[in-house]
Structure formats: C-alpha cells, structure tokens
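Colleague: Here it is: the structure, laid out below.
The values are calculated or read from the model by the stated rules, or taken from the named source; none is laboratory data. Keep in mind the model is a prediction, meaning the values are calculated, not measured. FYI the Cβ positions are ideal-geometry reconstructions off the backbone, even for glycines, and counts take in every protein chain you see. The accessibility values were calculated without ligands, DNA or RNA, using every heavy atom of the protein model including side chains. Shrake-Rupley method; radii C 1.70, N 1.55, O 1.52, S 1.80 Å.
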Amino acid sequence: MLTAEEIIQKLNLQEHPEGGYFKETYRSTGEISQDNLEDGYTGIRNYSTAIYFLLTSDNFSAFHRVRQDEFWHFHTGSPLELHMISEAGKCSSVIIGNDLEKDETPQFVVPGGHWFAAAVVDKDSYSLVSCTVSPGFDFDDFELAQRDQLIKHHPEHKEMIERFTRI
Ligand code: GUN
C-alpha cells in the first residue's frame, strides 16, 4: 500500500485551507450564467467540478460549508468519519468507506449549507476520496467556520466544534 506522501506526490495534491490535500481533476467547460443560478451565487459558475481529497489521521478537515450539495466518493485507505451540523442545528455523522459489512457508505451527499468536518477513522492512516459539486466549485461559495461564531449559533455542539476548528 502506498504511503500518504507517495499518493500526494503521484496525484500532485496541494494543501487545502480546510486541512488535508486536494487536486481539482475536472471542471466542466460549460458555464451557468448568474441569472440561472439560485440567489447567493456571486457570478458565473461551471456546470460541475471534481477533486481528489486526501486526509491523514494526524489531521482533520475543519468545519466548513459550501453552497452546493457535495458528493463524497470513497477510493482507498481508512474509512473517514464525516460530522455535519444542519442549518437547523441537527448534528449527524456518517462513515465513508467501502466495507459494506460494517455499514460504511461508499458514496455520500452532504446537503448544501450544512457545516461539515471530517477525520480519518484508523490510526497512522489516510483516506483518499473524491468530492464533486454542481454548480462547480468557487471559493466564493466556501466558508471556513470560525470557532466562536459557530459555537454562538450552535452552543449544544460546543465540544464537537472545538474539536474540528482551528480559527
Ligand atoms: N475545490 C477546491 N476546494 C474544494 C472543496 O472543498 N470541495 C470541492 N468539491 N471542490 C473544491
């Protein structure tokens, strides 16, 4: 099995602001005009984009949210635990992985607007997944949570928020 460093090199992954490493692998050439997008989008968007995302067990993906629904597809390594807080404040989690006998989920969609964070389940390991959104990704549609702000909105999830925020 390849090490995380070897995969990062082979797939030419770069550090992601939420934690972990990523590379955009697809951006459709087709575009959607702002008129045809829901309120909140700040300009034209591509139809769709996809990334590889690799997270190591000594790190976490910090709480963030995107406007679009985001598909997660598991590829290899340890399963990954995704933690979500809905706009209504409901907390949920899911294990993204390919061991169906353990009820892991190979494919999962995080609803647009949910805050979400992720961690690798196994020690000394990594998870390699893909994340796909439509309309295509733009950092204008991405927000990294600020710990104090998120706790103010969802004080009942303080512990979880403290565990998965850096700023
Ligand atoms: N491209 C850059 N960052 C991201 C991300 O967090 N999610 C998706 N789907 N695409 C990205």
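Colleague: Please pick out the residue among 150, 128 that is more than 16 Å from the ligand (Cβ to nearest atom), open to solvent by less than 20 Å² (accessible area, probe 1.4 Å) and of a type in the set (A, V, I, L, M).
Modeller: 150
Colleague: Of (1) at pLDDT below 95; (2) more than 18 Å from the chain's Cα centre (by Cα); (3) crowded, with 19+ Cβ neighbours inside 10 Å; (4) not acidic (Asp, Glu), residue 2 satisfies all except one. Which?
Modeller: Only one criterion is unmet by residue 2, namely (3).
Colleague: Just the residues that are away from the ligand (no atom under 15 Å from the Cβ) and either assigned to a strand (DSSP E or B) or under 22 Å from residue 138 (Cα atoms) (or both), please, taken from region 49-73.
Modeller: Matches in region 49-73: 56 only.
Colleague: Please list, ordered by first then second residue, the pairs with beta carbon atoms under 6 Å, 6 or more apart or interchain, first in region 60-89 and over 21 Å from residue 121 (Cα atoms), second assigned to a strand (DSSP E or B).
Modeller: Final answer for the pair search is 65/115; 65/143; 66/142; 68/133; 69/109.
Colleague: To continue, here is another question. Examine region 135-144 for a residue that is within 13 Å of the ligand (Cβ to nearest atom), open to solvent by 30 Å² or more (accessible area, probe 1.4 Å) and either without any contact (Cβ under 8 Å) to a residue 12 or more places away in the chain or hydroxyl-bearing (Ser, Thr, Tyr) (or both), and state whether such a residue exists.
Modeller: yes
Colleague: So which residues in region 24-34 are open to solvent by 80 Å² or more (accessible area, probe 1.4 Å) and either within 13 Å of residue 135 (Cβ to Cβ) or touching a residue at least 24 places away in the same chain (Cβ under 8 Å) (or both)?
Modeller: Across region 24-34, the qualifying residues are 26, 27, 31, 34.
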